[in-house]
Amino acid sequence: MQTALLTAFGAPREIRELRIPEPGPGGVLTRVAGVGACRSGLNVMSGRSRDGPGTPLVLGHQVAGHVAGLRRRIVLAARTSEHGVVRVVSSRSTAELTLSEATRFRTLLDRAFEGRFTDALWRQALGGVHFFVEEDGVPISHASVVPRLLAVPDRELNTGYVEAVGTRHRDRGKGLARSVLAAAQRHIADNYKLGALHSVLPTFYEHLGWERWRGPTFVRTRSGLMRTETDDGCIHIWRVPAAATLDLDDPISCEWRPGFVW
Ligand SMILES: CC(C)(COP(=O)(O)OP(=O)(O)OC[C@H]1O[C@@H](n2cnc3c(N)ncnc32)[C@H](O)[C@@H]1OP(=O)(O)O)[C@@H](O)C(=O)NCCC(=O)NCCS
């Protein structure tokens with residue numbers, strides 16, 4: 001990559017080719033489109049200020065550009081809590097989780113669901129992308145999106161299915177699940193034809209823009225379509241443009257999976 005390198009304080013900058021860096025863990029590589037020149041940078045160039053890492057130096061810390069590479073954790077959004085604490089929503093695919101990270105998510109969910117979060121529910125939360133907020137390295141809110149194939153009359157829809165939504169007890173009511181779900185919804189809009197989930201907390205999701213499916217629910221099995229009456233009224237969808245015309249009163253089916261089919 002081409003850079004304007006300051007080789008000595010007060011010296012003119014030199015155009016040099018440098019190796020493109022690899023993003024470190026949790027890092028993002030940005031292809032720079034523009035960079036601001038600020039007073040502190042000009043002071044360094046003129047030799048008036050010698051604070052900082054020393055030469056050789058690539059100046060410019062107000063950078064705008066495009067994400068050209070990333071590693072492991074993607075920071076999707078940051079919001080400041082009422083105490084001035086920055087809450088960052090990150091994402092990570094299941095394949096990239098270390099065992100200890102997976103264990104920390106599981107511990108959060110076990111506690112959030114007060115012992116009702118079973119191994120089957122955990123398995124169903126794996127295989128996609130996890131969205132989470134951490135505090136001091138500990139996850140305090142989580143949701144994951146896994147790929148599924150839902151079908152309505154005459155149509156199959158690649159669906160981002162939301163699983164394992166939970167927030168640590170003492171952090172509830174601070175908008176964390178809302179932030180995590182907003183990131184999950186953006187991921188669904190970018191990658192799927194529909195968002196869906198199963199919940200017995202209708203008001204929570206409807207409040208966030210999800211719509212409750214009114215039609216009958218089914219599961220597709222080797223022996224054909226089977227009714228799943230107990231799940232009727234529990235399925236919620238998030239419409240992306242491809243799902244704009246879906247009729248909430250139509251029948252809807254999911255592919256069979258072990259554990260809870262919906
Ligand atoms: C449900 C849960 C994830 C909410 O997490 P949270 O971080 O407190 O949620 P938020 O603060 O982002 O709340 C977002 C909105 O939903 C509302 N809300 C929160 N919990 C709700 C609930 N149980 N029922 C209905 N609405 C709820 C909030 O009032 C808020 O609305 P507002 O923005 O108008 O104030 C959390 O209570 C939890 O972990 N529960 C146990 C696990 C669970 O039931 N998960 C959902 C399974 S489908």
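The values are calculated or read from the model by the stated rules, or taken from the named source; none is laboratory data. Quantities reported herein were computed from a predicted structural model and do not represent experimental measurements. In this analysis, Cβ positions are derived from the backbone assuming ideal geometry, glycine residues included, and neighbour counts consider all displayed protein chains.
Quick one: which residue in ARG116, ARG104, ARG148 is over 18 Å from ARG178 (Cα atoms) and assigned to a helix (DSSP H, G or I)?
ARG104
Can we say ILE237 is touching a strand residue (DSSP E or B) at 6+ places or on another chain (Cβ under 6 Å) and touching a residue at least 60 places away in the same chain (Cβ under 8 Å)? Answer is no for this residue. If you go through region 119-132 and pick out every residue that is crowded, with 17+ Cβ neighbours inside 10 Å, away from the ligand (no atom under 16 Å from the Cβ) and in a helix (DSSP H, G or I), you end up with 0. A count restricted to region 96-105 and to residues that are modelled with pLDDT of 95 or more and among the aliphatic types (A, V, I, L, M) stands at 1.
With the structure loaded, tell me whether PHE105 is among the aromatic types (Phe, Trp, Tyr), under 21 Å from PRO258 (Cβ atoms) and within 11 Å of the ligand (Cβ to nearest atom) or whether it fails that test. In short, no.
When you scan region 213-225, how many residues do you find that are exposed (fewer than 14 other Cβ atoms within 10 Å of the Cβ) and assigned to a strand (DSSP E or B)?
3
Within region 163-216, being within 13 Å of the ligand (Cβ to nearest atom), of a type in the set (Ser, Thr, Tyr) and within 19 Å of LEU246 (Cα to Cα) holds for one residue alone: TYR205. Each residue in region 225-240 was checked for being within 12 Å of TRP210 (Cβ to Cβ) and of a type in the set (Lys, Arg), and 1 pass. Note on region 28-84: enclosed strands (runs of 3 or more DSSP E) holding 1 or more residues that are at pLDDT below 60 are 63-70, 74-80. Within region 83-91, the presence of a residue that is among the aliphatic types (A, V, I, L, M) and farther than 19 Å from LYS174 by Cβ is excluded.
Going by the structure shown, is SER141 touching a helix residue (DSSP H, G or I) at 6+ places or on another chain (Cβ under 9 Å) and modelled with pLDDT of 95 or more? Yes; evaluated as a whole, the condition is true for this residue.
Count, please, the residues in region 163-212 that happen to be free of Cβ contacts under 8 Å to residues at least 24 places away in the same chain, in a loop (DSSP other than H, G, I, E, B) and of a type in the set (D, E, K, R). Selection size over region 163-212: 1. Regarding GLY137, is this residue among the small types (Gly, Ala, Ser), assigned by TED's automatic domain parsing to the domain that holds ALA196 and more than 15 Å from the ligand (Cβ to nearest atom)? It is true that GLY137 is among the small types (Gly, Ala, Ser), assigned by TED's automatic domain parsing to the domain that holds ALA196 and more than 15 Å from the ligand (Cβ to nearest atom). Of everything in region 150-183 that is farther than 18 Å from PHE117 by Cβ and aliphatic (A, V, I, L, M), the residue that is surrounded by the most Cβ atoms within 10 Å (Cβ to Cβ) is LEU150.
Would region 243-261 turn up any residue that is aromatic (Phe, Trp, Tyr) and touching a residue at least 60 places away in the same chain (Cβ under 8 Å)? So far as region 243-261 goes, yes, one or more of its residues are aromatic (Phe, Trp, Tyr) and touching a residue at least 60 places away in the same chain (Cβ under 8 Å).
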